[in-house]
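> A single structure is presented below for examination.
The values are calculated or read from the model by the stated rules, or taken from the named source; none is laboratory data. Here the structure is a predicted model, which is why all the values come from computation and not from measurement. As a convention, Cβ positions derive from the backbone with ideal geometry for all residues, glycine included, and neighbour counts pool all protein chains shown.
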Amino acid sequence: MRAPGKFFLHKLVRRAVQIFIVLMLGGFLGATLARLAPGFGQDEEELDSRLSRESIAALRQARSEEDSLPAFYVQFLARMARGDLGESGTLNEPVRQLLAERFPETLQSAGLGLALAWSAGLGLAVAAVLSRSGWADMAAGLVASVVLCVPAAVLALLFVIAQAPGRLAIGLVVFPKIFQFARNLLLRAVSLPHVLTARAKGVGEWRLLVWHILPVAGRQLLALAGVSISLAFAAAIPVEVLCDIPGVGQLAWKAAMGRDLALLVNLTMMVTLITLVANTGAELLASSAREGEA
């Protein structure tokens, strides 16, 4: 029988290999979608009637390495291995510098949004379950359903009109998903025999929650935490664009509008890496907790 430490290390290495493979495929697929997008390869500068044929030829020559997608991706990976992420064609700045400037903004936006989403979502789920009131559960579910039906872009516009901090809109986008999933987990845990027995013996509601309900739902909540991180980063794109927050989401929008292949590939790989690491970390924590209980 393999030792627990070696088993965990083996699982970690296997997950790292999987992350690397998916990351490489994700980058290539992102480059493929950008390459096949309508208008790719067309530069607005070519429409300038003052440019000579030589100038237009020079502009096209500067993008010649993007004509062959496999060749571009191989060269991109070779540069990335040396620490060079390329240069943005639309912003004319090194991609590394752009990411270093904008990622902290998005990290702050996602962090504040997740804090709001988890506070409101888990708090309402706990209140709905512990209150044992149909009205409270219905009211909380109605609020979550209404927010879930509103697109992220509309929420961002409402925050702009209200002159409220746009970062909080990310929390409202993620909140209903956390509430619904957490509520279902807690309701399932409440109906377990040992929880019903503890409640029948007169155990207080908060003690019941901490010692009997949350330990049962804890592993699934960890998995939800990993998913919520990717949801927050996805919601950051429309929110940062409409609320004029200079983060990675706004940068991704500019890259998509400008068909900036080098920047789009880097952003795709970065978002893929964040999503995979968050989900893998949550899964490994849940697995360790399960093994510890066993």
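> Can you confirm whether residue 210 is within 23 Å of residue 140 (Cα to Cα) and free of Cβ contacts under 8 Å to residues at least 60 places away in the same chain? Talk me through it step by step, then tell me what you get.
Numbers: within 23 Å of residue 140 (Cα to Cα): yes; free of Cβ contacts under 8 Å to residues at least 60 places away in the same chain: yes.
Considered against the rule, which asks whether it is within 23 Å of residue 140 (Cα to Cα) and free of Cβ contacts under 8 Å to residues at least 60 places away in the same chain, residue 210 comes out as yes.
> Still on this structure, I have one more. Is there a residue in the stretch 181-198 that is of a type in the set (Phe, Trp, Tyr) and buried (at least 17 other Cβ atoms within 10 Å of the Cβ)?
Step one: filter the stretch 181-198 for residues of a type in the set (Phe, Trp, Tyr), giving 181.
Applying the additional criterion that residues be buried (at least 17 other Cβ atoms within 10 Å of the Cβ) yields 181.
Within the stretch 181-198, one or more residues are of a type in the set (Phe, Trp, Tyr) and buried (at least 17 other Cβ atoms within 10 Å of the Cβ).
> Let me ask something else. With the structure loaded, tell me whether residue 163 is surrounded by 14 or more Cβ atoms within 10 Å (Cβ to Cβ) and over 14 Å from residue 115 (Cα atoms) or whether it fails that test.
Working: surrounded by 14 or more Cβ atoms within 10 Å (Cβ to Cβ): no; over 14 Å from residue 115 (Cα atoms): yes.
Here the answer is no, as residue 163 does not meet what is asked.
Here is a yes/no grid of residues against (1) under 17 Å from residue 179 (Cα atoms); (2) modelled with pLDDT of 90 or more; (3) surrounded by 15 or more Cβ atoms within 10 Å (Cβ to Cβ); (4) acidic (Asp, Glu):
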{"position": "131", "(1), (2), (3), (4)": "yes, no, no, no"}
{"position": "134", "(1), (2), (3), (4)": "yes, no, no, no"}
{"position": "137", "(1), (2), (3), (4)": "yes, no, yes, yes"}
{"position": "140", "(1), (2), (3), (4)": "yes, no, yes, no"}
{"position": "156", "(1), (2), (3), (4)": "no, yes, yes, no"}
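> Only one of 259, 219, 188 is among the basic types (Lys, Arg) and without any contact (Cβ under 8 Å) to a residue 40 or more places away in the chain; which?
None of the others qualify; the one that does is 188.
> Continuing with this model, one more query. With the requirement that a residue be exposed (fewer than 13 other Cβ atoms within 10 Å of the Cβ), under 35 Å from the mean Cα position of the chain (by Cα) and modelled with pLDDT of 60 or more, what does the stretch 49-72 give you?
Matches in the stretch 49-72: 67, 68, 70, 71.
> Out of everything in the stretch 218-253 that is among the small types (Gly, Ala, Ser), modelled with pLDDT of 85 or more and surrounded by fewer than 20 Cβ atoms within 10 Å (Cβ to Cβ), what residue ends up being farthest from residue 125 (Cα to Cα)? Lay out the reasoning, then the answer.
Of the stretch 218-253, the ones among the small types (Gly, Ala, Ser) are 218, 223, 225-226, 228, 230, 232, 234-236, 247, 249, 252.
Within this subset, residues satisfying the condition of being modelled with pLDDT of 85 or more are 225, 228, 230, 232, 234-236, 247, 249, 252.
Subsequent filtering for residues that are surrounded by fewer than 20 Cβ atoms within 10 Å (Cβ to Cβ) retains 225, 230, 234.
On the way: 225: 15, 230: 21, 234: 24 Å.
Only one residue fits best here, namely 234.
> Test residue 75 against the stated conditions and say whether it is part of a helix (DSSP H, G or I), modelled with pLDDT of 80 or more, more than 18 Å from residue 257 (Cβ to Cβ) and touching an Asp or Glu at 6+ places or on another chain (Cβ under 7 Å).
Numbers: part of a helix (DSSP H, G or I): yes; modelled with pLDDT of 80 or more: yes; more than 18 Å from residue 257 (Cβ to Cβ): yes; touching an Asp or Glu at 6+ places or on another chain (Cβ under 7 Å): yes.
Yes, satisfied.
> Among 130, 98, which is more than 20 Å from residue 247 (Cβ to Cβ), in a helix (DSSP H, G or I), in contact (Cβ under 8 Å) with a residue 60 or more places away in the chain and touching a helix residue (DSSP H, G or I) at 6+ places or on another chain (Cβ under 7 Å)?
Working: 98 fails: more than 20 Å from residue 247 (Cβ to Cβ).
Among 130, 98, only 130 is more than 20 Å from residue 247 (Cβ to Cβ), in a helix (DSSP H, G or I), in contact (Cβ under 8 Å) with a residue 60 or more places away in the chain and touching a helix residue (DSSP H, G or I) at 6+ places or on another chain (Cβ under 7 Å).
> Residue 91: touching a Gly at 6+ places or on another chain (Cβ under 9 Å) and modelled with pLDDT under 90, yes or no? Walk me through how you get there before you give the answer.
Details: touching a Gly at 6+ places or on another chain (Cβ under 9 Å): yes; modelled with pLDDT under 90: yes.
Here the answer is yes, as residue 91 does meet what is asked.
> Right, next: For residue 266, state whether it is within 21 Å of residue 95 (Cβ to Cβ) and not acidic (Asp, Glu). I'd like the intermediate steps shown before the answer.
On the way: within 21 Å of residue 95 (Cβ to Cβ): yes; not acidic (Asp, Glu): yes.
So residue 266 passes the test.
> Oh, and also: Tell me, please, whether a residue that is over 13 Å from residue 173 (Cα atoms) and within 18 Å of the chain's Cα centre (by Cα) can be found in the stretch 83-99.
Step one: of the stretch 83-99, the residues over 13 Å from residue 173 (Cα atoms) are 83-99.
Now restrict to residues that are within 18 Å of the chain's Cα centre (by Cα): 99.
Scanning the stretch 83-99, I find at least one residue that is over 13 Å from residue 173 (Cα atoms) and within 18 Å of the chain's Cα centre (by Cα), so the answer is yes.
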